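Below is one structure; the comments refer to it alone.
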Amino acid sequence: MEPVLKAVNLKGGYLLGSLYASASQQGSYVDAVSDVSLELFRNEIFGIAGESGCGKSTLIKMLYGYLEPPLVLKDGLVYLYTKEGKEISITSLSKERLKREVFWRHISYIPQSSMNVLNPTMRVRDHFAEMLKLHANMSKEEAYKEAGKYVEYMGLPIDVLAAFPHQLSGGMRQRVVISLALLMRPDLILADEPTSALDVINQQAVLTMLRDSQESFKNTIVIVSHDMGVHGVITRRVAIMYAGRIVEIGKTEEIFEDPLHPYTQALIKALPRLGDKAQRKGLSGHPPDLKNPPLGCRFRPRCPSYGPQCREETPTLIEVKPGRYVECWLYST
Amino acid sequence: MLHASKKSLLEYLATRTIMYFATIFSGITLTYLLVKAMPVDAVENIIFGLTQTVAGVYDPQSINKLREDLYEIFGLTGKSPLEDYLIFIRRVFTFNFGPSFISFPTPAFELVLRRLPWTIGLLSVSTAITWITGNLLGTIAGYFRTRKFTKVLESIAISLYPVPYYIMALILMLLFAFLIPIFPLGGGISVIPESLNLELILNIIWHSLLPALSLILPGALGWSFLSSRTLTLEVLSEDYTRYAEFRGLPGKHVLRRYVLRNILVPQVTVLALSLGGIFSGALLTEVIFAYPGVGSLAYRAAFAGDINTLMAVLILSMVAVSTAIYLLDLLYPLVDPRIRYR
Amino acid sequence: MPSLSFLKSIGKNFIFLYKSNFKFRLGFTLILILFILGFTVSPFSPTSTRTWYAVPRDRPPSPEYLLGTSSMGRDVFWELCASIGKSLTIALITAMIASHIGLFIGLISGIRGGLLDRFLMFVSDTFIIVPGFLLLIVVISIIKSWITIPLLGAIISIVSWPWPARQVRSMVLSLRERTFVYTAKLSGMRTSKVLLFEIMPYVLGWHLVNFTNTILFSIGTESGLAIFGLSILGDNTLGVMLYWALNYYALFRGIWWWITAPIVTLVLIFISFYLISIGLSEHLHRIIG
């Protein structure tokens, strides 16, 4: 399998400086992503799951390479492999060069809420045209024509092009944003909770659109969602995050059928199933404060089956069988 | 899914037009009520003042005519309050404010009408310059908020913003009268106007430079700058601007199409709300530079107790300012698509 | 004793503001100096500041006459002190009247809403659109010979209340959307009580900002009216000083000290009240958000 992105030992988080923090928080650091390594392959839909605050959005911002203060990258490398066979080191390029050469051509991003991400004073067609002009050096007329063809191809009604964002429904806006992200045929698309603001019907439509477009463009889509249902419907592989660390990676069916990490087990057990009337049990306790993470395994305070080792040493992600990784002392002896 | 209809635009225009007339009407009513509420025998007081200052100019007959006019304007004819009010309204809408005292018997209205183009010319040009440069500077300062020149501009703005226009005019006068005597210090024109030619126009512009500057400086570096800077900071934190940066769009493009474009809408409102104040300020600037506009006329009228002329100045200024705001309202759909297509 | 704790909280806020905010500290110090000059120092004037030719005319600044003397034979320094006091008095009267009318109308408009709100906002919009200064010119022209200092302050209030009213109203409207007001309403509090206990403490902070801004506006308006000869020309205010200096062509006759004194003082007053106003609003933004 051909890799499209490799992340090696990513570390980063939020540095609460004078501008953003109250006096008591002065100079504290939120360890949002701690030592994450990840490999993504061409032509797959990959999921990142975990409860809110576990660092999944922070992780994909780091993969994308656009860090705004107070978010800082402390350590680690991210490589992107393009279909032309080029290797791009995202972590070592300047923001300006990323903007010019990488964003949208090779990697694009679908933000958490699409409600306000389109310019309210610009027609939808100009959002497409400005990207085409920038990255494909098209003239205005060419760009409009191309946008028309493309929007039809993506299955959107042609009259969205002439509309202003406020005239579109939430679901339609989200589909416009997704089309925008796929416009330049990038190798990798990072989608941060693409469905969480939508109702069930629109969620379905958006997920179908993502899956269909992935099938026709053969690119890689990363979907970040707290909703295990979304991962069950669309992703091929999924990574489970807890408190800034990836605790398990594997094929989606395998994770659902045979979760290995105690956290994943709790997560899957909490899912409702048809016909099962038993009371769902949630995990007791709270995720740790990432300003002050616990020593050893970060899940240990809530873990039903921890041993003495878990208190002192942080486990590492190990491959228990081909393509299946888990970070827990239960599986490494 | 799409509800693009022209109806909402028409609706918008209709509401604004009704509001335009309603505002003028309520402004006039307001004036009437205020003047009527004056606890003194205003008419006899005015007539007395008049005979004291410029006695002999008027024959008894015209004084009596004037007295009648004044009683009508002040709603003191002794008829029912409603009738008084209607008489006042009729006079206002026929622009009949009676004769002026300062150049008797020229109607006050005509006097004001002659001066109005000067004021409107000075004001429209300097307000346009103020608004455009203020917006550009404010947007740039907001975008580069950590740069040194931004801090300098901000300190200047904070000290200029609270200073009224006429104080600025006096400061400029102190500066240019004694330190750098290059500008004419008063008047509106210093050649004899024979025909409209380039020399005449240049002369007029030359004379209006200092008054204009005293309107532009506290505006472009004051209210316009400060409000557009605040708005820019707001727009920069909006999702759409941040997503534009995420998409790799160059800074210049984001500044123009995203930031500047989106502060235009609220900045038009800020301008509309400031016009009344700018107009009042400009009157004083005119007095200080002896610029031949409505302000200088009002000065002479106030000095002579010429209530007819003052009333005409007030009502016509109300109409002028409301019209300017109405025209801005008509521009609104051009900058805000949410009104055009709802 | 609720009033005592209220006073204590004001004191605490003031000390915090004074210590933490440079703009407020600078503005407050300047204003304090001006108040001392205007109210404490000015009664010690050795010569009358209202009679003509009390001192030799047109003397430049010297140890004897600190800021020189005017063409009317008055000591500019002592006239300035008296003028600061009178101008501040007029402004305080306007601020007392106009900002409270604004507070009242803004609260009613924001809380009641509906037709009453529309009517009140229409009236205040009319005042904002109408060149208020001209309105004052007409009014004062009529009662020119009866004008006194309290009356002048009151008349300026006619055009000064709409801005505070708008500000308070928008504050109330945004507060109404906040959760704590909903919670209070859902828990069965009467609207008037919600207003008094939940909204008032926040609005009062902004009321103070409005008060400061109205002072600023009133001083500016009085001096503007004076330039038109429509102030109390027989008394001492900063505007009246400007009026006589302009009328005697002080600028062209080179008696610069006469005209510069009120101009510089006015600029100082404007900037320091403005600094207080932005210092206050920065503080309020921080504690209310």
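The values are calculated or read from the model by the stated rules, or taken from the named source; none is laboratory data. Nothing here was measured: the structure is a model prediction, and the numbers come from that model. Here Cβ is always computed from backbone atoms with ideal geometry, including for glycine, and neighbour counts include all displayed protein chains. Ligands, DNA and RNA are stripped out before the accessible areas are found, and what is left, the full protein with its side chains, is counted by its heavy atoms. Shrake-Rupley method; radii C 1.70, N 1.55, O 1.52, S 1.80 Å.
Quick one: residue A:231 ticks every box in (1) in a helix (DSSP H, G or I); (2) under 20 Å from residue A:173 (Cα atoms); (3) in contact with a Gly (Cβ under 8 Å, 6 or more places away or on another chain) bar one, so which box is it?
Condition not satisfied by residue A:231: (2).
Can you tell me which residues in the stretch C:132-188 are open to solvent by less than 40 Å² (accessible area, probe 1.4 Å), of a type in the set (Phe, Trp, Tyr) and under 26 Å from residue B:299 (Cβ atoms)?
Of everything in the stretch C:132-188, just one residue is open to solvent by less than 40 Å² (accessible area, probe 1.4 Å), of a type in the set (Phe, Trp, Tyr) and under 26 Å from residue B:299 (Cβ atoms), namely C:133.
Do we find that residue C:103 is out of contact with any Asp or Glu (no Cβ under 6 Å at 6 or more places or on another chain) and in a helix (DSSP H, G or I) in this structure?
When the stated conditions are applied, residue C:103 passes them.
Kindly indicate whether residue B:249 is at pLDDT 90 or above, aliphatic (A, V, I, L, M) and part of a loop (DSSP other than H, G, I, E, B).
yes
Being among the β-branched types (Val, Ile, Thr), crowded, with 24+ Cβ neighbours inside 10 Å and assigned to a loop (DSSP other than H, G, I, E, B) is the filter here, so list the residues in the stretch C:219-252 that pass it.
Within the stretch C:219-252, just C:237 meets the criteria.
Among (1) at pLDDT below 85; (2) under 14 Å from residue C:84 (Cβ atoms), which single condition is residue C:40 missing?
(1)
Please verify whether residue B:290 is in contact (Cβ under 8 Å) with a residue 24 or more places away in the chain, hydrophobic (A, V, I, L, M, F, W, C) and more than 10 Å from every other protein chain (Cβ to nearest Cβ), treating the condition exactly as stated.
yes
In the stretch C:70-85, how many are in contact (Cβ under 8 Å) with a residue 40 or more places away in the chain, out of contact with any Gly (no Cβ under 7 Å at 6 or more places or on another chain) and open to solvent by less than 10 Å² (accessible area, probe 1.4 Å)?
5
Note down all Cβ pairs under 6 Å where the first residue falls in the stretch B:125-154 and is β-branched (Val, Ile, Thr), the second is not in a helix (DSSP H, G or I), and they're at least six residues apart or on different chains.
Final answer for the pair search is B:150/B:144.
What are the residue pairs meeting all of these: first residue in the stretch A:284-304, first residue under 20 Å from residue A:28 (Cβ atoms), second residue among the hydrophobic types (A, V, I, L, M, F, W, C) and part of a loop (DSSP other than H, G, I, E, B), Cβ atoms under 8 Å, and 6 or more apart or on different chains?
A:287/A:54; A:287/A:243; A:288/A:243; A:290/A:243; A:293/A:243; A:298/A:243
Answer yes or no: is there a residue in the stretch B:319-333 that is more than 14 Å from chain A (Cβ to nearest Cβ) and touching a strand residue (DSSP E or B) at 6+ places or on another chain (Cβ under 9 Å).
no
Only residues that are closer than 18 Å to residue A:131 by Cβ and either more than 11 Å from chain B (Cβ to nearest Cβ) or open to solvent by 10 Å² or more (accessible area, probe 1.4 Å) (or both): list them for the stretch A:169-182, please.
Correct list: A:173, A:174, A:175, A:176, A:178, A:179, A:182.
Examine the stretch B:98-113 for a residue that is at pLDDT 85 or above and within 14 Å of chain C (Cβ to nearest Cβ), and state whether such a residue exists.
Yes, some residue in the stretch B:98-113 is at pLDDT 85 or above and within 14 Å of chain C (Cβ to nearest Cβ).
Restricted to the stretch A:183-202, and to residues that are of a type in the set (A, V, I, L, M, F, W, C), in contact (Cβ under 8 Å) with a residue 60 or more places away in the chain and in a loop (DSSP other than H, G, I, E, B), which residue is most open to solvent (accessible area, probe 1.4 Å)?
A:197
Within the stretch A:130-143, track down each residue that is crowded, with 17+ Cβ neighbours inside 10 Å and away from chain B (no Cβ under 11 Å).
A:132, A:138, A:143
Tell me, yes or no, whether the stretch B:154-170 has at least one residue that is aromatic (Phe, Trp, Tyr) and open to solvent by 50 Å² or more (accessible area, probe 1.4 Å).
Yes, the stretch B:154-170 has at least one match.
Regarding residue B:330, is this residue surrounded by fewer than 17 Cβ atoms within 10 Å (Cβ to Cβ) and of a type outside the set (Ser, Thr, Tyr)?
yes
Among the candidates A:22, A:89, which residue alone is open to solvent by 20 Å² or more (accessible area, probe 1.4 Å), among the small types (Gly, Ala, Ser) and at pLDDT 90 or above?
A:89
If I ask for residues that are more than 7 Å from chain C (Cβ to nearest Cβ) and of a type in the set (A, V, I, L, M, F, W, C), which ones from the stretch B:293-318 would you list?
Scanning the stretch B:293-318 gives B:294, B:297, B:301, B:304, B:312, B:315, B:316.
Give just the number: which of (1) away from every other protein chain (no Cβ under 11 Å); (2) without any contact (Cβ under 8 Å) to a residue 40 or more places away in the chain does residue B:233 not satisfy?
Condition not satisfied by residue B:233: (2).
Only one residue in C:67, C:34, C:7 is in contact (Cβ under 8 Å) with a residue 60 or more places away in the chain and in a helix (DSSP H, G or I). Which one?
C:34
Considering only the stretch C:86-124, how many residues are open to solvent by less than 50 Å² (accessible area, probe 1.4 Å) and among the aliphatic types (A, V, I, L, M)?
Qualifying residue count, the stretch C:86-124: 13.
Within the set of pairs 6 or more residues apart or between chains, which connect a residue that is more than 9 Å from chain B (Cβ to nearest Cβ) and closer than 17 Å to residue A:59 by Cβ inside the stretch A:98-116 to a residue that is among the aromatic types (Phe, Trp, Tyr) and crowded, with 16+ Cβ neighbours inside 10 Å with Cβ atoms less than 9 Å apart?
A:107/A:64
Residues of the stretch B:236-263 being of a type in the set (Ser, Thr, Tyr), open to solvent by less than 30 Å² (accessible area, probe 1.4 Å) and either more than 7 Å from chain A (Cβ to nearest Cβ) or over 23 Å from residue A:112 (Cα atoms) (or both), which ones?
B:241
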